[in-house]
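**Q** Have a look at this one.
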Amino acid sequence: MISALEALERLREGNRRYVADDQDSRALTCQRRRDQLLEGQEPIAIILGCSDSRAPAEILFDQGLGDLFVIRVAGNITASSQVDSVEFAAERFGTRLVVVLGHTMCGAVQATVAELERPSDRRSPNLRSIVSRIRPSVQALLETELRHDPEALVRQAIRANIRASADHLRHGSQLLEQRIQEDGLLVVGAEYSLETGLVDFFDGLPEGG
């Protein structure tokens, strides 16, 4: 299994190809590759990403079958099932890179902001589980001057939510903490720009990474 930094560079290179419109999708999904994967998988990275249809990790990182272990949930939140899935992949496949991948204009964060600005008796019970996970990242910002600038508030809240999810994975799982300390597991936060196609790795990078 490759190191976390090697995997990170492969993701960066893939994103550069994606932005340059230089992908070779056939090479990533060909019959030969499908046959190889019958013997098992060794994903280079675990991606905890948002369910948004505009942000599929395999495409924006230009990776193919067997390359990424992807968990998708609205708002890239870290409920217990998501943490369990990350633990499973890290333990089962020895994958050393975990990326919490959010994106600009995140609907789940926008919905959380809107819900928190409503009177409590008018909040949707169907959004409660998502809002409760994203709320801490938004609530603190609503108490600053950003409450007067909705667009800036959402931009900052998206990044705060990514950081919170990445931090939860680093410190909310004994198994992942052990792999960070002993096996070189790296948990980073990144934001995909719907506008430019670029992925910005901005949280949890080692010095020089």
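**Q** Specify the residue that is farthest from V188 (Cα to Cα); the eligible residues are those in the stretch 142-168 that are assigned to a helix (DSSP H, G or I) and either of a type in the set (D, E) or touching a Cys at 6+ places or on another chain (Cβ under 6 Å) (or both).
**A** Looking at the filtered set, the residue picked out is E145.
**Q** On to the next question. Scan the stretch 19-48 residue by residue and report those that are closer than 15 Å to L101 by Cβ and either surrounded by fewer than 17 Cβ atoms within 10 Å (Cβ to Cβ) or free of Cβ contacts under 8 Å to residues at least 60 places away in the same chain (or both). Explain how you work it out, then say what you get.
**A** Taking the stretch 19-48 and keeping what is closer than 15 Å to L101 by Cβ, we get 43-48.
Of everything in the stretch 19-48, those that are closer than 15 Å to L101 by Cβ and either surrounded by fewer than 17 Cβ atoms within 10 Å (Cβ to Cβ) or free of Cβ contacts under 8 Å to residues at least 60 places away in the same chain (or both) turn out to be P43, I44, A45, I46, I47.
**Q** Moving on to the next point. Mind telling me which of the residues R16, R12, R92, R72 ends up being surrounded by fewer than 16 Cβ atoms within 10 Å (Cβ to Cβ), under 15 Å from the mean Cα position of the chain (by Cα) and modelled with pLDDT of 95 or more?
**A** Testing whether each residue is surrounded by fewer than 16 Cβ atoms within 10 Å (Cβ to Cβ), under 15 Å from the mean Cα position of the chain (by Cα) and modelled with pLDDT of 95 or more leaves just R12.
**Q** Right, another one. Could you list, in sequence order, the residues of the stretch 136-158 that are among the basic types (K, R) and modelled with pLDDT under 90? Quick ask: steps written out before the conclusion?
**A** In the first step, residues of the stretch 136-158 are kept if they are among the basic types (K, R); the result is 147, 155.
The one that is among the basic types (K, R) and modelled with pLDDT under 90: R147.
**Q** I've got another one for you. Within the stretch 178-209, track down each residue that is part of a strand (DSSP E or B), in contact (Cβ under 8 Å) with a residue 60 or more places away in the chain, of a type outside the set (S, T, Y) and closer than 20 Å to G107 by Cα.
**A** Matches in the stretch 178-209: G189, A190, E191, V199.
**Q** Going residue by residue through the stretch 113-130, is there one that turns out to be within 21 Å of N161 (Cβ to Cβ), under 18 Å from the mean Cα position of the chain (by Cα) and buried (at least 22 other Cβ atoms within 10 Å of the Cβ)?
**A** No.
**Q** Here is a further query. When you scan the stretch 174-190, do you find a residue that is in contact with a Ser or Thr (Cβ under 8 Å, 6 or more places away or on another chain), farther than 13 Å from R96 by Cα, surrounded by fewer than 20 Cβ atoms within 10 Å (Cβ to Cβ) and not polar (S, T, N, Q), even just one?
**A** no
**Q** Which condition breaks for E191 when tested against (1) of a type in the set (D, E, K, R); (2) out of contact with any Leu (no Cβ under 6 Å at 6 or more places or on another chain); (3) within 21 Å of G94 (Cβ to Cβ)?
**A** Only one criterion in (1) of a type in the set (D, E, K, R); (2) out of contact with any Leu (no Cβ under 6 Å at 6 or more places or on another chain); (3) within 21 Å of G94 (Cβ to Cβ) is unmet by E191, namely (3).
The values are calculated or read from the model by the stated rules, or taken from the named source; none is laboratory data. Note that the structure is predicted; figures quoted are calculated from it, not measured. Note that we place each Cβ from the backbone using ideal geometry, even for glycine, and neighbour counts take in every protein chain shown.
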